[in-house]
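Everything on this sheet refers to the single structure shown next.
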Amino acid sequence: MHVDRKMQDLILIHWPAAAKLPLRSPLHAQLRLQTWRVLEDFYSAGRCRAIGVSNYTQYHLEELLLVARIKPMVNQIEVHPRYPQTQLRSFCRHNNIAVVAYSSLGMGDLVQHPVVVQIATDCQRTTAQVLLRWGLQQGCAVIPKSLNPVHIAEASPQELLSWELNQQQMKTLDDMSDGHKYCWDPTNVI
(Lines give C-alpha, C1' and ligand atoms only; values in the text may rest on other atoms or scores of the structure.)
Protein backbone atom coordinates (compact mmCIF):
# COMPACT_ATOMS: atom_id res chain seq x y z
CA MET A 1 0.00 0.00 0.00
CA HIS A 2 1.49 3.35 -1.01
CA VAL A 3 0.54 6.21 1.27
CA ASP A 4 1.86 9.72 0.83
CA ARG A 5 3.99 10.98 3.71
CA LYS A 6 1.42 13.67 4.41
CA MET A 7 -1.09 13.09 7.18
CA GLN A 8 -4.20 11.24 6.01
CA ASP A 9 -7.56 12.09 7.60
CA LEU A 10 -8.98 8.58 7.61
CA ILE A 11 -7.88 5.16 6.41
CA LEU A 12 -10.46 2.38 6.18
CA ILE A 13 -10.47 -1.32 5.53
CA HIS A 14 -13.06 -1.25 2.78
CA TRP A 15 -14.47 -4.78 2.93
CA PRO A 16 -14.23 -7.62 5.49
CA ALA A 17 -13.26 -10.18 2.84
CA ALA A 18 -10.21 -10.69 0.67
CA ALA A 19 -10.62 -10.79 -3.08
CA LYS A 20 -10.82 -14.20 -4.77
CA LEU A 21 -11.46 -16.14 -1.55
CA PRO A 22 -14.79 -17.86 -0.89
CA LEU A 23 -16.99 -15.78 1.44
CA ARG A 24 -16.93 -18.57 4.04
CA SER A 25 -13.11 -18.87 4.07
CA PRO A 26 -11.55 -18.72 7.54
CA LEU A 27 -8.60 -16.85 6.00
CA HIS A 28 -10.68 -13.66 5.97
CA ALA A 29 -10.38 -13.24 9.74
CA GLN A 30 -6.60 -13.70 9.62
CA LEU A 31 -6.23 -11.21 6.76
CA ARG A 32 -8.53 -8.68 8.46
CA LEU A 33 -6.34 -8.77 11.57
CA GLN A 34 -3.12 -8.42 9.57
CA THR A 35 -4.54 -5.44 7.72
CA TRP A 36 -5.82 -3.90 10.95
CA ARG A 37 -2.34 -4.16 12.47
CA VAL A 38 -0.98 -2.09 9.57
CA LEU A 39 -3.64 0.57 10.16
CA GLU A 40 -2.84 0.60 13.89
CA ASP A 41 0.84 1.11 13.04
CA PHE A 42 -0.03 4.01 10.70
CA TYR A 43 -2.15 5.61 13.40
CA SER A 44 0.48 5.10 16.11
CA ALA A 45 3.13 6.62 13.84
CA GLY A 46 0.97 9.73 13.31
CA ARG A 47 0.38 8.96 9.64
CA CYS A 48 -3.40 9.36 9.91
CA ARG A 49 -5.92 11.06 12.16
CA ALA A 50 -8.33 8.13 12.32
CA ILE A 51 -8.64 4.49 11.29
CA GLY A 52 -11.73 2.45 10.69
CA VAL A 53 -13.59 -0.13 8.71
CA SER A 54 -16.28 -0.26 6.08
CA ASN A 55 -19.02 -2.83 5.56
CA TYR A 56 -18.28 -4.55 8.88
CA THR A 57 -21.15 -6.33 10.55
CA GLN A 58 -21.48 -6.63 14.32
CA TYR A 59 -19.82 -10.04 14.04
CA HIS A 60 -16.76 -8.52 12.32
CA LEU A 61 -16.59 -5.66 14.81
CA GLU A 62 -16.86 -7.95 17.84
CA GLU A 63 -14.06 -10.08 16.43
CA LEU A 64 -11.89 -6.99 15.87
CA LEU A 65 -12.61 -5.41 19.25
CA LEU A 66 -11.35 -8.58 20.98
CA VAL A 67 -7.85 -8.17 19.53
CA ALA A 68 -7.47 -4.53 18.51
CA ARG A 69 -4.82 -2.45 20.26
CA ILE A 70 -6.61 0.60 18.84
CA LYS A 71 -10.31 0.18 18.25
CA PRO A 72 -11.90 1.34 15.00
CA MET A 73 -13.09 4.91 15.08
CA VAL A 74 -15.43 4.60 12.08
CA ASN A 75 -17.64 1.99 10.45
CA GLN A 76 -18.80 3.12 7.00
CA ILE A 77 -21.97 1.20 6.14
CA GLU A 78 -25.04 1.32 3.92
CA VAL A 79 -27.76 3.22 5.81
CA HIS A 80 -31.04 4.63 4.47
CA PRO A 81 -34.72 4.40 5.48
CA ARG A 82 -35.20 1.01 3.79
CA TYR A 83 -32.06 -0.41 5.44
CA PRO A 84 -31.45 1.54 8.66
CA GLN A 85 -29.18 -1.03 10.35
CA THR A 86 -30.54 0.04 13.74
CA GLN A 87 -28.95 -2.77 15.73
CA LEU A 88 -25.51 -2.31 14.14
CA ARG A 89 -25.67 1.47 14.62
CA SER A 90 -26.58 0.92 18.28
CA PHE A 91 -23.63 -1.45 18.70
CA CYS A 92 -21.33 1.13 17.12
CA ARG A 93 -22.68 3.91 19.34
CA HIS A 94 -22.19 1.73 22.44
CA ASN A 95 -18.57 1.13 21.40
CA ASN A 96 -17.87 4.77 20.41
CA ILE A 97 -17.51 3.90 16.74
CA ALA A 98 -18.81 6.65 14.46
CA VAL A 99 -21.15 5.50 11.70
CA VAL A 100 -20.67 6.98 8.26
CA ALA A 101 -23.68 6.25 6.07
CA TYR A 102 -23.18 5.58 2.38
CA SER A 103 -25.86 5.03 -0.24
CA SER A 104 -28.18 7.36 1.66
CA LEU A 105 -30.16 7.90 -1.53
CA GLY A 106 -30.53 4.18 -2.21
CA MET A 107 -28.48 4.36 -5.42
CA GLY A 108 -30.91 7.07 -6.58
CA ASP A 109 -33.98 4.88 -6.13
CA LEU A 110 -35.19 6.51 -2.91
CA VAL A 111 -35.27 10.04 -4.33
CA GLN A 112 -38.35 8.96 -6.31
CA HIS A 113 -40.06 7.04 -3.53
CA PRO A 114 -43.57 8.49 -2.95
CA VAL A 115 -43.10 8.74 0.83
CA VAL A 116 -39.87 10.71 0.42
CA VAL A 117 -41.38 12.89 -2.31
CA GLN A 118 -44.32 13.80 -0.05
CA ILE A 119 -42.09 14.71 2.90
CA ALA A 120 -39.82 16.75 0.62
CA THR A 121 -42.85 18.64 -0.68
CA ASP A 122 -44.07 19.28 2.87
CA CYS A 123 -40.62 20.53 3.94
CA GLN A 124 -39.94 22.48 0.76
CA ARG A 125 -36.68 20.57 0.37
CA THR A 126 -35.32 18.17 -2.21
CA THR A 127 -35.80 14.46 -1.74
CA ALA A 128 -32.02 14.08 -1.44
CA GLN A 129 -31.98 16.64 1.37
CA VAL A 130 -34.74 14.76 3.18
CA LEU A 131 -32.83 11.47 2.94
CA LEU A 132 -29.53 13.02 4.03
CA ARG A 133 -31.22 14.89 6.89
CA TRP A 134 -32.84 11.62 8.02
CA GLY A 135 -29.37 10.06 8.20
CA LEU A 136 -28.00 12.99 10.19
CA GLN A 137 -30.90 12.83 12.64
CA GLN A 138 -30.21 9.11 13.03
CA GLY A 139 -26.74 10.06 14.30
CA CYS A 140 -24.81 9.17 11.16
CA ALA A 141 -22.33 11.18 9.19
CA VAL A 142 -23.46 11.18 5.56
CA ILE A 143 -21.28 11.17 2.47
CA PRO A 144 -23.33 12.06 -0.59
CA LYS A 145 -21.61 11.68 -3.94
CA SER A 146 -22.23 13.95 -6.89
CA LEU A 147 -20.45 15.71 -9.71
CA ASN A 148 -23.37 18.09 -10.19
CA PRO A 149 -22.60 21.51 -8.62
CA VAL A 150 -26.29 22.06 -7.80
CA HIS A 151 -26.52 18.75 -5.94
CA ILE A 152 -23.25 19.44 -4.15
CA ALA A 153 -24.59 22.83 -2.96
CA GLU A 154 -27.87 21.19 -1.84
CA ALA A 155 -25.87 18.81 0.36
CA SER A 156 -23.75 21.52 1.97
CA PRO A 157 -23.74 21.92 5.76
CA GLN A 158 -25.63 25.20 5.39
CA GLU A 159 -28.42 23.41 3.52
CA LEU A 160 -28.59 20.28 5.66
CA LEU A 161 -28.05 21.66 9.16
CA SER A 162 -30.42 24.64 9.06
CA TRP A 163 -33.63 22.59 9.51
CA GLU A 164 -34.93 19.30 10.93
CA LEU A 165 -37.48 16.67 10.08
CA ASN A 166 -40.21 16.57 12.69
CA GLN A 167 -40.98 13.49 14.77
CA GLN A 168 -43.82 12.33 12.51
CA GLN A 169 -41.70 12.72 9.37
CA MET A 170 -38.90 10.72 10.98
CA LYS A 171 -41.35 7.97 11.97
CA THR A 172 -42.81 7.88 8.46
CA LEU A 173 -39.33 7.44 7.00
CA ASP A 174 -38.43 4.88 9.69
CA ASP A 175 -41.53 2.90 8.70
CA MET A 176 -40.02 2.40 5.22
CA SER A 177 -37.62 -0.16 6.72
CA ASP A 178 -37.94 -3.43 4.83
CA GLY A 179 -34.36 -4.77 4.84
CA HIS A 180 -33.71 -3.81 1.22
CA LYS A 181 -30.02 -3.37 0.39
CA TYR A 182 -28.80 -1.60 -2.72
CA CYS A 183 -25.12 -2.47 -2.30
CA TRP A 184 -23.02 -5.52 -1.45
CA ASP A 185 -23.89 -7.68 1.53
CA PRO A 186 -21.11 -8.65 3.96
CA THR A 187 -23.28 -10.84 6.22
CA ASN A 188 -21.97 -14.12 4.76
CA VAL A 189 -18.30 -13.21 5.17
CA ILE A 190 -16.73 -15.09 8.08
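The values are calculated or read from the model by the stated rules, or taken from the named source; none is laboratory data. Not measured: the values here are computed from a predicted model. Reconstructed Cβ throughout: ideal geometry from the backbone, glycine too, with neighbour counts over all protein chains shown. Just the protein is used for accessible areas: all its heavy atoms, side chains included, with ligands, DNA and RNA removed. Shrake-Rupley method; radii C 1.70, N 1.55, O 1.52, S 1.80 Å.
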Efficiency of FRET between A68 and S177 - r from beta-carbon atoms, R0 30 angstrom, step 0.05: 0.50
Relative to the present Cα-Cα distance, how much length would full extension add between T35 and L23 at 0.36 nm per residue of separation? 2.6 nm
Evaluated at 37 °C with a viscosity of 0.692 mPa s, what Stokes-Einstein diffusion coefficient in µm²/s does the chain have when Rh comes from the Kirkwood expression over alpha-carbon pairs? 184
Show me 133-145, 178-190 ranked by packing, highest mean number of other Cβ atoms within 10 Å first. 133-145, 178-190
Length added when fully stretched, A141-Q118, from 0.36 nm per residue minus Cα-Cα: 5.9 nm
Accessible-area ranking of V38, V111, V74, largest first, probe 1.4 Å: V38, V111, V74
Where the accessible area of the chain is counted over protein heavy atoms with a 1.4 Å probe, how much of it, in %, is carbon and sulfur? 55
Does the stretch 118-186 come out rounded, prolate or oblate, given a ≥ b ≥ c as the square roots of the eigenvalues of its C-alpha gyration tensor, rounded meaning a/c under 1.5 and, failing that, prolate meaning a/b above b/c? oblate
I'd like the FRET efficiency for F42 and N166, computed as 1/(1 + (r/R0)^6) with the beta carbon distance as r and R0 of 41 Å, rounded to 0.05. 0.45
Partner lysines for K145 [C-alpha distance under 25 Å; skip if fewer than 8 residues away on the same chain]: K6, K181
Tell me, what HN-Hα J-couplings in whole Hz come from the Karplus equation 6.51 cos²θ - 1.76 cosθ + 1.60 at θ = phi - 60° for each residue of the stretch 93-101, using x for Gly and Pro? 4, 4, 9, 6, 10, 5, 9, 10, 8
Is the shape of the stretch 31-121 best called rounded, prolate or oblate, per the rule: a/c under 1.5 gives rounded, else a/b larger than b/c gives prolate, else oblate, with a ≥ b ≥ c the square roots of the Cα gyration tensor eigenvalues? prolate
Taking every DSSP beta bridge with both residues inside the chain, roughly what % is antiparallel (nearest 5)? 5
Helix 27-44: angle to the longest alpha-carbon principal axis of the chain, degrees 0 to 90, nearest 10? 90
Shape parameters for the stretch 80-130, alpha-carbon atoms, Rg then Dmax in Å: 13.1, 37
Given a cut-off of under 8 Å on Cα pairs at least six residues apart, what relative contact order in percent is computed for the chain? 24
Where a Cα-Cα gap under 17 Å defines reach, which lysines qualify for K20, not counting those fewer than 8 residues away within the same chain? none
For Y59 and K6, compute 0.36 nm times the residue count separating them, minus their Cα-Cα distance, and round to one decimal in nm. 15.8 nm
